[in-house]
1. Select from segment 353-411 the residues that are in contact with a His (Cβ under 7 Å, 6 or more places away or on another chain), surrounded by fewer than 17 Cβ atoms within 10 Å (Cβ to Cβ) and polar (S, T, N, Q) and list them in ascending order.
2. For segment 267-293, which positions are in a loop (DSSP other than H, G, I, E, B), farther than 13 Å from residue 318 by Cβ and of a type in the set (Val, Ile, Thr)?
3. Just for segment 260-293: of the residues that are among the acidic types (Asp, Glu) and open to solvent by 30 Å² or more (accessible area, probe 1.4 Å), which one is nearest to ligand 2 (Cβ to nearest atom)?
4. Could you check, for segment 61-78, whether at least one of its residues is touching a helix residue (DSSP H, G or I) at 6+ places or on another chain (Cβ under 9 Å), open to solvent by 20 Å² or more (accessible area, probe 1.4 Å) and within 24 Å of residue 398 (Cα to Cα)?
5. So, in segment 134-155, of the ones that are among the hydroxyl-bearing types (Ser, Thr, Tyr) and outside any loop (DSSP other than H, G, I, E, B), which residue ends up surrounded by the most Cβ atoms within 10 Å (Cβ to Cβ)?
6. Is one or more of the residues making up segment 330-352 among the hydroxyl-bearing types (Ser, Thr, Tyr) and closer than 18 Å to residue 18 by Cα?
7. Which of the numbered conditions does residue 241 fail, given that it passes all the others? Conditions: (1) more than 23 Å from residue 342 (Cβ to Cβ); (2) aliphatic (A, V, I, L, M); (3) not in a loop (DSSP other than H, G, I, E, B).
8. Among the listed residues 126, 158, identify the single one that is within 16 Å of ligand 1 (Cβ to nearest atom), open to solvent by 10 Å² or more (accessible area, probe 1.4 Å) and under 25 Å from residue 402 (Cα atoms).
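The values are calculated or read from the model by the stated rules, or taken from the named source; none is laboratory data. Keep in mind that what you see is a predicted model, and the values were worked out from it rather than measured. Don't worry about glycine lacking a Cβ; one is built from the backbone with ideal geometry, like all the others, and counts go over all protein chains shown. Just so you know, the surface numbers come from the protein's heavy atoms only, side chains and all, with ligands and any DNA or RNA stripped out. Shrake-Rupley method; radii C 1.70, N 1.55, O 1.52, S 1.80 Å.
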Amino acid sequence: MIIERADVIVTSPNRNFVTLRLQTDEGHVGLGDATLNGRELAVVSYLKDHVVPLLIGKDAHRIEDTWQFLYRSSYWRRGPVTMAAIAAVDMALWDIKGKAANMPVYQLLGGASRSGLMAYGHASGIDNPQLFDSIREHLELGYRSVRVQTGVPGLKAIYGIAAQSTLDGGEERYDHEPARRGAQPTEEDWDTRAYLRHLPTVFEAVRNEFGPELPLLHDGHHRMTPIQAAKLGKSLEPYDLFWLEDCTPAENQEALRLVRQHTTTPLAIGEIFNTVWDFQALIKEQLIDYVRAASTHFGGISPLKKVMDYAAQYQIKSGCHGPTDISPVGFAAQLHVGLAIHNFGIQEYMQHGSRTNEVFQQSMTFENGLLHPGDNPGLGVELNVDEAGKYPYEQAYLPFNRLADGTVHDW
Ligand code: KDG
Ligand code: MG
C-alpha cells in the first residue's frame, strides 16, 4: 500500500489547526495532527517543504520504519516543530492501518483495557463563587473530576481562568483558547508569593463545599522555583489533590527531585516534552506520578505507547495533555492509546467549539464522565475539507507574563 498523496491543511474554525492528510493507492485516507499553538506555520513549512516530498511512494504499512527514518535522517532530532511534524505522519499511518484492517486503532494496540477513560474538565473562576459555579457546571456536564484554577487577589489576568465575557462573536470562552488572535501576544501579570498564600485557601473552600471524594487537579503552569513548588505541594496536602501539574519549568527536570523530597502531593509533568528521553530520568527515579505528554507534540502514537510501557514498570500512569490546541485528530490518537494501555491514569478533556466539531467529525463519545474513541476503523475522525476551507489561518499568540516590576516571567 503506497502513499500517493499528502496534503497539509490549515484551518481556523475556533482556533488554528494543522492537519496532515495522507492518501494511499488503495484509496485509504489517514489524518494526523501537527498543531503547535502560536507557531503553526513553522510546522506547515516543515511538513510541506521537508517531509511530504519524502513520503510519496513509501509503503504506508511501515509505521515504525517511517518514524525512525524521519527522526534519524533529519540529523537534528527533537524539538516541538520536528516532533509535531513526525507525530502527524505517525498518526496518519496508524489511521490508515486501522482502516486497512477495518479496526479501530486501539484494537491494533492490544485491545481495550477498560470500558472508558476518566476525563477531567477545566473548572475556573476569578473568585470562589465563580469557581464553585464552574465546578457545578462541570459536574452537570458529567465530569467526575475537575481541574481547579483560580484568580489571585491583586492580579488582573492569569493563566487558566475562563473569561466571563464571551469572545469571538459571543460563542467561545477563554478556556477554549488562551491564544488570542492578533499580531502581538497579550500580557498577563504574576506574583508567586500572592499565589502561594491564596491557593491553599481556595482548595480548603472547595473541599468544604464539594466534600472529600471529588478528584481535584491543579496546573502550576511552570511558574514556580523548586522550593516554591515544594512549599505549595506541602501546603496542598490536606486537600488530597489528584495531581499538581507543571509545578516548575520543564527544562529543569532536576527540580522535581527537590520538590519530591518535600511533598507527597502527586506530580504530573510533560505537556511540553517532545521525546521519550525527556522522561527517562523522571520515570526511572520515580520523580513523577503522571506522564503529561500529548501525542501531537511527542511524535505520535508510537512513542506515546513506548513511554507509557516504560512508565508502567514504575507504576507511573498516563495523564495526556488534552487542551483544545490538540485537534480532534490528536485527541483521538491519545484516546486509543489510553484505552489500550494498562497504566491509564486520567485524560484532560476541554471540549472543542461547535465550528471545530463541524470541520472534524468524530466517533468519540463522552458519557458518565468517561471518554471512548468509538469503534470506527482507524482513529475515528473525518476531516470535512470544504468546511475547513471556510476558515483560513489567523495569526494568534499565547500570552506571556510580567512581574510587577516589568520582568518577563514564565506563563
Ligand atoms: O497551548 C498551550 C496550552 O496547551 C496550555 O497552556 C494548556 O497547560 C495547559 C493544560 O494543561 O491544558
Ligand atoms: Mg498544563
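1. 365
2. 272, 275
3. If we take residues in segment 260-293 being among the acidic types (Asp, Glu) and open to solvent by 30 Å² or more (accessible area, probe 1.4 Å), then 289 is nearest to ligand 2 (Cβ to nearest atom).
4. Yes, because at least one residue in segment 61-78 is touching a helix residue (DSSP H, G or I) at 6+ places or on another chain (Cβ under 9 Å), open to solvent by 20 Å² or more (accessible area, probe 1.4 Å) and within 24 Å of residue 398 (Cα to Cα).
5. 150
6. Looking through segment 330-352, none of the residues is among the hydroxyl-bearing types (Ser, Thr, Tyr) and closer than 18 Å to residue 18 by Cα.
7. (3)
8. 158
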